[in-house]
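The values are calculated or read from the model by the stated rules, or taken from the named source; none is laboratory data. Just so it is clear, the model here is predicted, and its values are computed rather than measured. Cβ placement follows ideal geometry from the backbone for every residue including glycine, while neighbour counts extend to all protein chains displayed.
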Amino acid sequence: PKEIKNPFILPRYVRVNLLKSTVDKVIEYFQKNNGYELLPPVEGKELAHFKPKTFRKDFHLNDLLVFPANTDFHDHPLYLNGTLILQDKASCFPAHVLSPPPGSVVIDGCAAPGNKTSHVASLMGNKGHIFAFDLDKRRLGLLKRLTTKAGCSCIEPLNENFLEADPNDPKYADVEYILLDPSCSGSGIVSRLDQILNQKSQEENENETILDIKDTSNKLVQERLKSLSDFQLLTIQHAFKFPKVKRISYSTCSIHQIENEDVVKRALESTNEFRLSAHCIPQWKRRGLEGSVEHGRCYFIYV
Ligand code: SAM
């Protein structure tokens, strides 16, 4: 891969698509063909000091590799053939949290463009079935392209509203795992994407006022967050209705408590059947804001 000038200090995370290769083979490829040196996994701030031409296995997730921030994979053969998926670490947690064994029947309720759907398929070794819902036809088209490139053969894309899926439809009778990554404020998307998104929304909304979604003192922002969080809650409550569901992974890319802990809290208050998992990725220590949910048992990722 080329190393480009990049002002951002976030390392470049690369997920190995286990449908195309193994982590060990990919590591060997970079060592033999690209002259990269494998360093031991490290956590947190140590990652900021990355020497050029070195890489590591991620400290927490076993199908993730970490490269210096300025590594460009867009022309790399392993990226072009779908072996490497460019996916930031936070967005790799939900599939690992769900971790359906091969052969499972899964729903991804808000799936497009499909990074997490393809990750779930990778962890399942393409064995089983994933119903991938998305309301947006164009985004679902992207999901089809992305998951085909990744070699996924167990995904059924559905251009449907997840909230209207009938939990008692026989085709969902064996659904045990549901991944929910619903629309959110996007307030937690970090700098390199922030800039791109802001540019895009400026072009798209030339004549409209642009909301700073992090400014929770703004009344319009408060209203937007309230309506997003009501929708997010509905997705979880709908997931509760599937007769055999036993694990739900809920994620957002928001920094706001109202979309995260508060949604989980409200969802738990509305059911007697579900509780927070105490066993989820134990090596990850940051678990939500103290006091807002059952602190210490909840899974929240801050990057
Ligand atoms: N999980 C995706 C990934 O990792 O690539 C990103 C999902 S994005 C945050 C949320 C998606 O939910 C959008 O594509 C949106 O069109 C879809 N969506 C919103 N409301 C929905 C609904 N009621 N039913 C199905 N999809 C919905």
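Is one or more of the residues making up segment 7-14 part of a strand (DSSP E or B), of a type in the set (A, V, I, L, M) and surrounded by 19 or more Cβ atoms within 10 Å (Cβ to Cβ)? I'd like the intermediate steps shown before the answer.
Filtering segment 7-14 down to residues part of a strand (DSSP E or B) leaves 12-14.
Of the ones still in play, those that are also of a type in the set (A, V, I, L, M) are 14.
Adding the requirement that they be surrounded by 19 or more Cβ atoms within 10 Å (Cβ to Cβ) leaves 14.
Checked against the condition, which is being part of a strand (DSSP E or B), of a type in the set (A, V, I, L, M) and surrounded by 19 or more Cβ atoms within 10 Å (Cβ to Cβ), segment 7-14 yields at least one hit.
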**Residue count for segment 97-142, restricted to those that are surrounded by fewer than 23 Cβ atoms within 10 Å (Cβ to Cβ) and acidic (D, E)** = 1
**Message:** For segment 166-187, give me the residue count where each residue is under 30 Å from L211 (Cα atoms) and away from the ligand (no atom under 11 Å from the Cβ).
**Reply:** 1
**Request:** Hey, can you tell me all the residues within segment 208-255 that are over 19 Å from R266 (Cα atoms), modelled with pLDDT of 95 or more and of a type in the set (D, E, K, R)?
**Result:** K244
**Message:** Tell me whether segment 56-65 contains one or more residues that are on the phi < 0 side of the Ramachandran plot and in contact with a His (Cβ under 7 Å, 6 or more places away or on another chain).
**Reply:** yes
**Message:** Quick check on segment 53-61. Is at least one of its residues surrounded by fewer than 19 Cβ atoms within 10 Å (Cβ to Cβ) and farther than 30 Å from H279 by Cα?
**Reply:** yes
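In the list K25, K20, which residue meets the criterion of being part of a loop (DSSP other than H, G, I, E, B), surrounded by 12 or more Cβ atoms within 10 Å (Cβ to Cβ) and charged (D, E, K, R)?
Exactly one of K25, K20 is part of a loop (DSSP other than H, G, I, E, B), surrounded by 12 or more Cβ atoms within 10 Å (Cβ to Cβ) and charged (D, E, K, R), namely K20.
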**Prompt:** K2: modelled with pLDDT under 95, surrounded by fewer than 16 Cβ atoms within 10 Å (Cβ to Cβ) and within 24 Å of K149 (Cα to Cα), yes or no?
**Reply:** yes
**Item:** Test result for P157, within 30 Å of D215 (Cα to Cα) and either in contact with a strand residue (DSSP E or B) (Cβ under 8 Å, 6 or more places away or on another chain) or free of Cβ contacts under 8 Å to residues at least 40 places away in the same chain (or both)
**Value:** no
**Request:** Quickly run through segment 222-241 and pick out the residues that are out of contact with any helix residue (DSSP H, G or I) (no Cβ under 6 Å at 6 or more places or on another chain), more than 14 Å from the ligand (Cβ to nearest atom), more than 21 Å from H96 (Cα to Cα) and touching a residue at least 24 places away in the same chain (Cβ under 8 Å).
**Result:** R224, K226, K241
**Request:** Tell me which residues, restricted to segment 99-149, are aliphatic (A, V, I, L, M), away from the ligand (no atom under 12 Å from the Cβ) and not in a strand (DSSP E or B).
**Result:** A121, L123, M124
